[in-house]
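The values are calculated or read from the model by the stated rules, or taken from the named source; none is laboratory data. Being a predicted model, the structure only gives us computed values, none of them experimental. Neighbour counts are summed over all protein chains in view; Cβ atoms, including those assigned to glycine, are modelled from backbone coordinates with ideal geometry. Note: areas computed on protein heavy atoms with side chains; ligands, DNA, RNA excluded. Shrake-Rupley method; radii C 1.70, N 1.55, O 1.52, S 1.80 Å.
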Amino acid sequence: MRHILRSQDFSKDFLEQLFNTASKLQQDFKDPKKRIELQQRLRGRILLSEFFEPSTRTRHSFEFAGVHLGMMPITTENAKIFSSFAKGESMEDAIRVICSYRPDVIVIRHDEEGSVAIAASVSTVPIINAGDGKGQHPTQALLDLYTIQKELGRVDNLNVVIGGDLKNGRTVRSLAYLLSKFSGINLIFVSAAALSMEQDLKDHLKEKGTKYQETENLQEALPLADVIYWTRTQKERFSDESEYNRVKDKYRIGVEELKLMKNTSILLHPLPRTSEIDIACDSDPRAAYFRQAENGLYVRMALLLWILEG
Ligand code: NCD
């Protein structure tokens with residue numbers, strides 16, 4: 001069964017096929033006739049989204065992706081409070097019962113690392129991990145890589161600055177796993193020491209022979225970068241608010257930082273942003289984060305087609 005749980009599981013062939021489909025779908029949207037035809041592709045199939053943590057882009061882009069392909073969405077946001085999980089029901093029991101109602105695919109976001117894999121272990125339909133705690137967010141990494149490919153025309157031979165909250169962020173982990181499949185990748189991790197990348201990820205990079213370095217100096221890293229992938233300090237993962245306040249504003253990308261970037265580089269962010277990228281950057285053509293978010297629609301449509309049509 002085609003569960004989507006971790007970035008390590010994607011093959012290069014799969015990525016190529018997925019990105020070709022996503023690119024074609026993006027084109028199809030420009031033609032009103034083709035757009036209507038798309039709605040026949042997965043007509044009548046049911047997409048269930050169970051979200052235990054807040055989301056704007058991930059949940060909506062999955063639902064819109066499904067609807068544009070003719071699927072019917074059923075959604076629970078705030079599942080922690082509004083579903084029987086609040087009464088103490090286990091993930092396994094809930095998924096077994098939900099599967100008996102015959103959804104075609106289930107998209108889950110949860111605050112505990114590993115919980116989506118537990119859901120997949122008992123599910124009779126494909127499960128998509130839309131973010132599991134500090135673990136992974138594999139579909140975000142797919143749209144991040146698709147954006148790099150589209151904007152720069154390649155995914156090999158890149159200096160990629162990945163920065164912000166590397167300890168608590170799941171998007172940075174999934175992206176680093178995915179980039180480690182390509183050659184000539186040099187990762188430059190920029191963060192406060194307290195928010196640095198976890199050892200397991202660094203061990204993986206060593207094993208794959210992917211070059212990486214760690215620094216607290218953003219100014220020195222920016223001129224080297226082909227891609228800057230910046231992230232929010234993950235407030236919800238801090239148990240101590242004073243610790244969050246101490247680290248949250250260490251870095252801010254503004255127009256002065258943009259001046260240090262190559263003309264050919266791009267600035268990405270999974271969004272939502274708080275104060276880590278100044279809105280004054282938005283009008284710079286290198287600021288690609290809104291194009292990146294739009295790409296999520298095409299990549300998730302391509303993914304639903306791959307899961308349900310093969
Ligand atoms: C990210 C997430 O939920 O991990 N958001 C998203 O899905 N685009 C990043 C974040 O919340 O900071």
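Residue pairs whose Cβ atoms lie under 8 Å apart, separated by 6 or more positions or on different chains, with the first residue in the stretch 5-21 and within 25 Å of K134 (Cβ to Cβ) and the second surrounded by 12 or more Cβ atoms within 10 Å (Cβ to Cβ) and among the β-branched types (V, I, T), are L5/V116; L5/I127. Screening Y298 against (1) within 22 Å of V190 (Cβ to Cβ); (2) within 16 Å of the ligand (Cβ to nearest atom); (3) hydroxyl-bearing (S, T, Y) leaves a single unmet condition, (1). Starting from residues that are without any contact (Cβ under 8 Å) to a residue 24 or more places away in the chain and open to solvent by 10 Å² or more (accessible area, probe 1.4 Å), keep the ones in the stretch 288-310 and report whichever is nearest to A130 (Cα to Cα). Among those residues, the one meeting the criterion is E294. Selection within the stretch 112-147: residues that are open to solvent by 10 Å² or more (accessible area, probe 1.4 Å) and out of contact with any strand residue (DSSP E or B) (no Cβ under 8 Å at 6 or more places or on another chain). The member of this set that is nearest to A293 (Cα to Cα) is K134.
For the stretch 224-249, the candidate set comprises residues that are open to solvent by 30 Å² or more (accessible area, probe 1.4 Å) and either within 16 Å of the ligand (Cβ to nearest atom) or in contact with a His (Cβ under 6 Å, 6 or more places away or on another chain) (or both); within that set, the residue that is nearest to S174 (Cα to Cα) is R232. Inspect the stretch 183-205 for any residue being open to solvent by 10 Å² or more (accessible area, probe 1.4 Å), of a type outside the set (G, A, S), within 18 Å of Y251 (Cβ to Cβ) and more than 16 Å from the ligand (Cβ to nearest atom) and give the result as yes or no. Checked against the condition, which is being open to solvent by 10 Å² or more (accessible area, probe 1.4 Å), of a type outside the set (G, A, S), within 18 Å of Y251 (Cβ to Cβ) and more than 16 Å from the ligand (Cβ to nearest atom), the stretch 183-205 yields no hits at all. Look at E214 and say whether it is over 21 Å from the mean Cα position of the chain (by Cα), charged (D, E, K, R) and assigned to a strand (DSSP E or B). Yes, satisfied. Out of curiosity, is D278 touching a Gly at 6+ places or on another chain (Cβ under 6 Å) and either away from the ligand (no atom under 16 Å from the Cβ) or free of Cβ contacts under 8 Å to residues at least 12 places away in the same chain (or both)? Against the criterion (touching a Gly at 6+ places or on another chain (Cβ under 6 Å) and either away from the ligand (no atom under 16 Å from the Cβ) or free of Cβ contacts under 8 Å to residues at least 12 places away in the same chain (or both)), D278 qualifies.
Does A221 qualify as being more than 25 Å from V155 (Cβ to Cβ), hydrophobic (A, V, I, L, M, F, W, C), outside any loop (DSSP other than H, G, I, E, B) and more than 16 Å from the ligand (Cβ to nearest atom)? Considered against the rule, which asks whether it is more than 25 Å from V155 (Cβ to Cβ), hydrophobic (A, V, I, L, M, F, W, C), outside any loop (DSSP other than H, G, I, E, B) and more than 16 Å from the ligand (Cβ to nearest atom), A221 comes out as no. Look at the stretch 123-140: where a residue is among the acidic types (D, E) and a partner is assigned to a loop (DSSP other than H, G, I, E, B) and more than 11 Å from the ligand (Cβ to nearest atom), sitting 6+ places away or on another chain with Cβ atoms under 6 Å, you get D132/E113.
Among all residues of the stretch 105-117, there is at least one that is free of Cβ contacts under 8 Å to residues at least 60 places away in the same chain, in contact with a Cys (Cβ under 9 Å, 6 or more places away or on another chain) and more than 16 Å from the ligand (Cβ to nearest atom).
Scanning the stretch 261-287 for residues being in a loop (DSSP other than H, G, I, E, B) and closer than 23 Å to K248 by Cα gives a total of 11. Among the residues examined, L158 does not qualify as within 16 Å of the ligand (Cβ to nearest atom) and within 30 Å of L224 (Cα to Cα).
Exactly one residue among I128, I106, I118 is farther than 18 Å from E236 by Cβ, under 13 Å from the mean Cα position of the chain (by Cα) and modelled with pLDDT of 95 or more, and that residue is I128. When the stretch 255-271 is filtered for residues that are of a type in the set (D, E, K, R) and within 15 Å of the ligand (Cβ to nearest atom), nothing remains. Annotation: of all residues in the stretch 141-178 being in contact (Cβ under 8 Å) with a residue 40 or more places away in the chain and of a type in the set (G, A, S), the one that is nearest to I266 (Cα to Cα) is G163.
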